[in-house]
Amino acid sequence: MSSMPSSAQPLSAQEAAQLPPDVLRIYQSAAFTELRARRNRLALILTVAMCAIYYGFVLAIAFAPQLLAIKTGEVITLGIPVGLGVILASIALTAIYVRYANSQFDRLSAEARRSAQA
Amino acid sequence: MSTPLKTLRGFGLLGALAATPAFSAALEGQAEKQPLNLTAIVMFFIFVAATLCITWWAARRTHSRADFYTAGGGITGFQNGLAIAGDYMSAASFLGISALVFGSGFDGLIYAIGFLVGWPVIMFMIAERLRNLGKFTFADVASYRLGQKPIRTLSAAGTLVTVSFYLIAQMVGAGQLIKLLFGLDYNIAVMIVGVLMIVYVTFGGMLATTWVQIIKAVLLLGGASFMAFMVMRSVGFSVDELFRSAIAAHTDGEAIMAPGKFVKDPVSAVSLGIALMFGTAGLPHILMRFFTVKDAVEARKSVLYATGLVGYFYLLTFIIGFGAIVLVGTNALYLDGAGLRGGSNMAAVHLAHAVGGDLFLGFISAVAFATILAVVAGLTLSGAAAVSHDLYANVFKRGTANDVDELRVSRYATIALGILAIGLGIAFEKQNVAFMVGLAFAVAASANFPIILLSMLWRGLTTRGAVIGGSLGLFTAVLLTVLGPAVWVKVLGHVEPIFPYDAPAIFSMTVAFIGCWLGSITDRSEQARIEAMRYGEQLVRSETGYGAAAASNH
């Protein structure tokens with residue numbers, strides 16, 4: 001998505017001045033910058049992957065249905081494993097996000113929140 | 001009802017879109033009334049009795065706005081995942097997708113996949129931030145740093161339009177399916193659904209709505225798992241054997257193993273995909289569920305559980321559809337001169353009888369009824385919250401409404417929406433409402449989703465941009481649907497559509513994003529400058545949960 005944010009922009013002096021001090025400390029903490037950079041990068045990669053997989057599947061149906069009709073076994077066509085693969089990929093990509101979130105993002109997020117105290 | 005294949009060919013792409021296959025099939029012809037099905041009715045009464053007990057229990061715990069809208073935030077990630085999956089596993093997706101698979105094999109899988117792929121997107125972009133920023137409705141998030149009045153009015157409009165179209169489709173589908181499954185009169189069926197849903201929501205709020213949804217989800221997953229198991233057992237647990245028998249049994253033969261007639265052209269195909277993928281991320285009754293959990297961690301868990309459960313469920317419907325080709329399509333007991341007895345939607349219902357006899361048939365029929373009830377309850381609650389929390393408390397009362405008044409208004413709104421739903425259900429009985437869920441997804445993707453996403457991720461979004469983009473998206477989605485084949489030709493009876501595609505989302509969502517962008521960058525107002533200045537604070541909260549409303553107030 002073109003709307004994914006760029007990684008942490010430095011605040012203008014004016015904006016920094018009107019933030020509550022605790023929020024400002026979080027914003028300027030290294031953990032916060034790292035959290036945003038890592039999470040945005042992962043979300044972007046996974047979103048692009050999901051869209052590529054799904055719209056690739058849709059476009060294959062639209063432009064090359066005969067491709068999905070190729071027999072891979074006695075009766076099973078390529079479309080069946082590909083279709084099931086898209087379902088499994090959706091679940092797998094979601095699980096990958098959760099794995100990173102549990103192992104990295106929660107820690108960085110807690111670290112960022114701790115920097116609220118001066 | 002016509003033969004399943006004939007009925008299925010009759011779908012436009014949008015007709016087949018979104019939960020609607022079942023309903024559109026039920027709706028294109030009038031469902032024929034079946035003899036009274038006593039087993040099903042008894043089982044349904046047991047379900048209703050149980051859910052009313054839950055409602056009574058929930059009512060004693062529902063005292064505040066937070067209780068009413070979000071069950072006090074006390075739902076766990078796993079429970080919420082089940083409830084979200086339940087919202088998604090409507091009677092339409094169960095009966096409709098299995099009917100699509102029964103009718104044309106592989107094509108059914110295309111739809112199932114479309115419904116699933118919105119979930120990862122919700123996870124990557126929305127779920128955690130939504131929980132961190134919002135309290136009761138998605139408008140809380142969209143209006144976090146923008147103008148309360150215009151943004152909440154717009155979000156409430158987006159919510160009510162989405163909910164109304166969805167509700168009409170569900171109510172009309174409910175009436176037709178219940179007539180089919182239970183042999184009850186259409187109007188009575190619609191009224192039973194409406195009244196029960198009003199009772200659940202008005203008294204039990206989100207707590208009752210969630211538990212009704214959870215129970216139903218468990219029953220439906222259990223029933224569908226049993227059916228899929230029995231199908232696989234009948235073919236000796238061999239996938240090859242299942243497909244081989246299906247090809248032998250189906251009139252289309254090997255064609256059922258490959259993409260067929262649904263995808264007409266690439267534009268429609270991608271547009272439909274966009275509506276399904278991003279529409280899911282803009283459905284108010286789904287988004288509202290993220291406020292029922294404690295924090296972002298639980299919100300994240302709920303999406304993973306929901307994605308897994310919904311994916312599993314669609315695998316089951318695929319097996320059930322193929323099983324029906326083998327076990328139902330070849331058995332004279334389930335066929336009449338024209339095709340399936342009772343219409344194409346009955347594939348899964350007949351299969352229930354084929355693998356489990358009268359008792360299991362009654363069980364599945366009751367579960368289908370329960371499914372409709374649970375889904376309309378969730379829809380109504382999200383519509384009521386838009387009226388009471390967004391319009392009444394924050395637009396009309398400018399944020400000064402007290403808890404007691406807002407709670408009262410939300411209950412009135414529930415009753416009003418329930419009565420409206422009954423009225424619309426009866427009014428649209430003879431109409432072809434197949435396009436309505438498709439329209440609901442298109443509006444959700446074009447009006448709700450862009451505002452939610454941009455308000456969270458783009459510093460530059462201003463009130464003016466959001467209002468311009470959101471209204472344009474809403475307007476374009478509705479206009480293009482009306483001018484497209486699903487309404488202009490099928491409902492209004494014109495020969496040629498003015499807009500050639502059934503799915504408008506690729507255009508209406510693009511228009512919405514461009515409108516938001518253009519309206520924002522040309523906004524030189526002082527307010528726009530202040531809104532951008534507030535982004536830093538919002539960002540800290542949305543990314544870390546710092547300062548987020550602790551979900552539970554007690």
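The values are calculated or read from the model by the stated rules, or taken from the named source; none is laboratory data. A quick note: this is a predicted structure, and the numbers were derived from the prediction, not measured. Cβ sites come from the backbone with ideal geometry, for glycine too, and all protein chains shown count toward neighbours. Quick note on the areas: whole protein, heavy atoms, side chains included, nothing else; ligands and nucleic acids left out. Shrake-Rupley method; radii C 1.70, N 1.55, O 1.52, S 1.80 Å.
Annotations for the structure displayed:
- Look at (1) touching a strand residue (DSSP E or B) at 6+ places or on another chain (Cβ under 8 Å); (2) surrounded by fewer than 21 Cβ atoms within 10 Å (Cβ to Cβ) and you find that B:PHE360 fails only one, number (1).
- Some residue of the stretch B:258-279 being part of a helix (DSSP H, G or I), free of Cβ contacts under 8 Å to residues at least 12 places away in the same chain and surrounded by fewer than 16 Cβ atoms within 10 Å (Cβ to Cβ): yes
- From B:MET171, B:MET123, residue being under 18 Å from the mean Cα position of the chain (by Cα), crowded, with 24+ Cβ neighbours inside 10 Å, farther than 19 Å from B:ALA306 by Cβ and in contact (Cβ under 8 Å) with a residue 40 or more places away in the chain: B:MET171
- Every residue from the stretch B:224-252 that is over 30 Å from the mean Cα position of the chain (by Cα) and among the β-branched types (Val, Ile, Thr): B:VAL235, B:VAL239, B:ILE247, B:THR251
- When residues of the stretch B:540-552 are limited to those that are more than 13 Å from every other protein chain (Cβ to nearest Cβ) and open to solvent by less than 40 Å² (accessible area, probe 1.4 Å), the one modelled with the highest pLDDT: B:ALA549
- Condition check for B:ALA366: surrounded by 24 or more Cβ atoms within 10 Å (Cβ to Cβ), modelled with pLDDT under 90, farther than 30 Å from B:VAL491 by Cβ and among the aliphatic types (A, V, I, L, M): yes
- Yes/no for B:VAL201 being open to solvent by 10 Å² or more (accessible area, probe 1.4 Å) and either small (Gly, Ala, Ser) or over 23 Å from B:GLY469 (Cα atoms) (or both): no
- Checked against the criterion of being part of a helix (DSSP H, G or I) and open to solvent by 10 Å² or more (accessible area, probe 1.4 Å), the candidates B:LEU160, B:LEU130, B:LEU184 yield just one match: B:LEU160.
- Here A:TYR27 meets each of (1) open to solvent by 40 Å² or more (accessible area, probe 1.4 Å); (2) of a type outside the set (D, E, K, R); (3) facing chain B (nearest Cβ under 7 Å); (4) under 25 Å from the mean Cα position of the chain (by Cα) with one exception, condition (1).
Residues are listed down the side, and each one gets a yes or a no for (1) within 30 Å of B:ASN331 (Cα to Cα); (2) within 14 Å of chain A (Cβ to nearest Cβ):
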site	(1), (2)
B:ASN187	no, no
B:THR202	no, no
B:GLN213	no, no
B:GLY223	yes, no
B:MET232	yes, no
B:PHE237	yes, no
B:ALA248	yes, yes
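- Those residues of the stretch B:222-257 which are open to solvent by less than 20 Å² (accessible area, probe 1.4 Å) and not β-branched (Val, Ile, Thr), in sequence order: B:GLY223, B:ALA224, B:MET227, B:ALA228, B:LEU242, B:PHE243, B:ALA246, B:GLY253, B:MET257
- Against the conditions (1) over 25 Å from B:LEU539 (Cα atoms); (2) facing chain B (nearest Cβ under 7 Å), A:VAL82 satisfies every one except (2).
- Failed item in (1) open to solvent by 20 Å² or more (accessible area, probe 1.4 Å); (2) over 30 Å from A:VAL48 (Cβ atoms), with B:VAL212 passing the rest: (1)
- Once the stretch B:33-56 is narrowed to residues that are exposed (fewer than 14 other Cβ atoms within 10 Å of the Cβ) and modelled with pLDDT under 80, the residue that is farthest from B:MET206 (Cα to Cα) is B:PRO35.
- Filtering the stretch A:90-118 to residues that are more than 7 Å from chain B (Cβ to nearest Cβ), within 17 Å of B:VAL121 (Cα to Cα) and touching a residue at least 40 places away in the same chain (Cβ under 8 Å) leaves A:ILE96, A:TYR100.
- Consider the stretch A:58-79 and keep the residues that are facing chain B (nearest Cβ under 7 Å) and in a helix (DSSP H, G or I). The one that is nearest to B:VAL117 (Cα to Cα) is A:VAL58.
- Cβ-Cβ under 8 Å pairs, at least 6 apart or on other chains, the stretch B:487-499 side free of Cβ contacts under 8 Å to residues at least 40 places away in the same chain and closer than 15 Å to B:MET436 by Cα, far side of a type in the set (Val, Ile, Thr) and not in a loop (DSSP other than H, G, I, E, B): B:TRP488/B:VAL482
Rundown of residues vs (1) in a helix (DSSP H, G or I); (2) surrounded by fewer than 17 Cβ atoms within 10 Å (Cβ to Cβ); (3) at pLDDT 95 or above, yes/no style:
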{"site": "A:ARG41", "(1), (2), (3)": "yes, yes, yes"}
{"site": "A:ILE53", "(1), (2), (3)": "yes, no, yes"}
{"site": "A:PRO81", "(1), (2), (3)": "yes, yes, no"}
{"site": "A:VAL86", "(1), (2), (3)": "yes, no, yes"}
